[in-house]
Amino acid sequence: MGGSSFGVLFRVTTFGESHGPALGAIVDGCPAGLPLCEADLQRDLDRRRPGQSRFTTQRQEADQVRILSGTFEGVTTGTPIGLLIENSDQRSKDYSAIQQMFRPGHADYTYWRKYGVRDHRGGGRASARETALRVAAGGVAKRLLATQGVQVRAALIAMGHEQIDRSRWSWEAVEENPFFSPDPQMVPRCAALLDRLRQQGDSVGALLEVVASGVPAGWGEPVFDRLDADLAKAIMSINAVKGVEIGDGMAVATGNGSQLADEMVADPAAPGGVGFLSNHAGGILGGISSGQEIVIRLAVKPTSSITIAKRTVDVHGQNQQIQTKGRHDPCVGIRAVPVAEAMTALVLADHFLRFRPPQPL
C-alpha cells in the first residue's frame, strides 16, 4: 500500500491494522547520539491511550511501545529506529454484523473500491488506531527538537458549540483534565455535553490548536515544500481531520492588509534582531519560519461510529440500515491532541535536518 511513509530526511513508515496483532513504525534519519529510551515515548502514548475516562472509547490497550532497533546503551545509533506496539483488546466480533455493509462517513466504501478487499474489523488500516505509532514516532521527533529548544504543544479549544475563553488559557490546565482543555471552566460543560450525547448514541466534533515555540527563522523550503504546506498535509493526514488553518487562517478572507500585515521592528533582544508586532501569519512567511510561534488549528469531525441507525448500502449494492456497535469515542478530537502534536513535530524535525544556514562566499 502506498502512502504509508512520510518525510524527506526524517522519514517515518507505519504499518498495522486496528484488529491485527500489532502496529509498527520505522523512523529513519534520526541523528546518532540522541538520548532515547521507551519511557521517553510512553508519556505521549499514555495521553493518547484509550479507556482512560468515560469520555473516550473503552477499548483497553496498554499501548506499551518497544524499541526494537536503532539505539545502543540509551542513545540513537543513526540507523533506523524500529517501534512496535502490540494490540491486546480487539473485539472483531463487534463488527461481524456489518461485514457486508459500508458504514456512512467511514472509509469502508472507498478502501473497498480501491483495493477490492473488505476488512470490516474496526476499519482496518483506516482506523484511528494507526495513529498510536505516529505518536510514538513523534516522540522521537520531539526529543530531537528539544535539542534545538523547540517545544510543540496542543490543546482542544472547542467541542461542538462549547468554546474556551482565551483569557483563561493555561498550558498547565491542559494536562490536568481529560479534554486537554486550556480553560478549566470549559471542562464541566464538555463533560455534560458528552454525557448527553452518549445517552443519545451520538457524537460531536472539535477544534484543536497546536503551538510550536522556539522554532528559529529559516526552516522550510520554497514553493512546493513550504513549511506550511508540509504541516497542512501532515495534519490533514490525521483521521477525521477535515480542515486546517495556520495563523489567522480563514479569517484573512475578511480582513484588510492594513490589519493583517505583521509589522516588524528592530529588536536587539529578538532572534536575528527583528521583532514582530503581531502574528497573523502564524509564524510562517513564504513557506519559511519567521522565528515566531507557529500556530495551527484543525477541525476534527464527529465520529461516524454511532448507535443511531443510518441508511447505507452493502457490497451487493442493496439498500440497508446500519447501526454501529462496539466501543467508540463520542468525540475523537480529544485523543487527537497528542496526534496533532506528533505530526507537527515530525514535520519540524524533518525541516530542521533539511535546514542549512547561509554561508558567506
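The values are calculated or read from the model by the stated rules, or taken from the named source; none is laboratory data. Note that the structure is predicted; figures quoted are calculated from it, not measured. We place every Cβ from the backbone using ideal geometry, glycine too, and count neighbours over all the protein chains shown. Ligands, DNA and RNA are stripped out before the accessible areas are found, and what is left, the full protein with its side chains, is counted by its heavy atoms. Shrake-Rupley method; radii C 1.70, N 1.55, O 1.52, S 1.80 Å.
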Roughly speaking, to the nearest percent, how much of the range 111-252's 1.4 Å accessible area is carbon and sulfur?
52
With 27 Å as the limit, write out which pairs from Lys114/Lys242; Lys114/Lys325; Lys114/Lys142 have Cα-Cα distances beyond it, or answer none.
Lys114/Lys142
With P(r) over Cα pairs in 20 Å bins from 0, in percent defined as stated, name the option among (1) 29, 61, 11, 0; (2) 25, 59, 17, 0; (3) 28, 57, 15, 0 computed from the structure displayed.
(3)
Compute a Gaussian network model of the chain, connecting alpha carbons closer than 10 Å, and tell me which residue from Gly20, Gly317, Gly287 fluctuates the most.
Gly317
Here FRET efficiency (C-beta to C-beta, Phe224 to Phe72, R₀ 41 Å, nearest 0.05) is 0.65
Output the 0 to 90 degree angle, nearest 10, between the alpha-carbon long axis of helix 38-48 and the longest principal axis computed from the alpha carbons of the chain.
60
Theoretical FRET efficiency, 1/(1+(r/R0)^6), r = Cβ-Cβ of Arg166 and Gln318, R0 35 Å, to 0.05:
0.10
Report the extension gain between Met250 and Gln64 in nm, rounded to one decimal, defined as 0.36 nm multiplied by the number of residues separating them, less their alpha carbon distance.
63.1 nm
To the nearest 500 deg cm²/dmol, what mean residue ellipticity at 222 nm is calculated for the chain from DSSP H runs of n ≥ 4 alone, each contributing -39,500 (n - 2.57), summed and divided by the residues?
-7000 deg cm²/dmol
Can you give the accessible area of Lys233, probe radius 1.4 Å, in Å² rounded to 10?
130
Using only the Cα atoms of the range 88-215, build the gyration tensor, take square roots of its eigenvalues as a ≥ b ≥ c, and label the shape rounded, prolate or oblate: rounded if a/c is under 1.5, else prolate if a/b is larger than b/c, else oblate.
oblate
Cα gyration tensor category, rounded, prolate or oblate, for the range 139-196 with a/c compared to 1.5:
prolate
Compute a Gaussian network model of the chain, connecting alpha carbons closer than 10 Å, and tell me which residue from Phe180, Phe72, Phe102 fluctuates the most.
Phe72
For the modelled label position 7 Å from the Cα of Glu175 along Cα-to-Cβ, which residues of the range 335-360 have backbone nitrogen atoms closer than 20 Å?
335-346
Listed residues Ala342, Ala309, Ala229, most fluctuating in the chain (Gaussian network, C-alpha, under 10 Å):
Ala309
Near the amide H of Leu68, under 5 Å away, which other amide H atoms are found, from residues 5 or more places off or on another chain, if H is placed in the peptide plane?
Gly82, Leu83, Leu84
Note down the nm distance, to one decimal, between modelled labels 7 Å out along Cα→Cβ at Ala32 and at Arg354.
2.6
What's the magnitude of the charge dipole for the range 199-278 around its Cα centre, counting Lys and Arg as +1 and Asp and Glu as -1 at the beta-carbon? Answer in Debye, nearest 20.
160
By how many degrees, between 0 and 90 and to the nearest 10, does the Cα long axis of helix 187-200 differ from the longest principal axis of the chain?
30
Please give, to one decimal in nm, the separation of the simple spin-label points placed at Ala192 and Lys233, each 7 Å out from Cα toward the Cβ.
4.5
Could you check the spin-label model distance between His280 and Ser258? Points 7 Å from the Cα along Cα→Cβ, value in nm.
1.2
Leu34 long-range amide H proximity, modeled H, under 5 Å
Thr76
If contacts are Cα pairs under 8 angstrom and at least 6 residues apart, what is the relative contact order of the chain in percent?
22
Taking only protein heavy atoms and a 1.4 Å probe, what accessible area per residue, in Å², does the chain have with all protein chains in place?
47
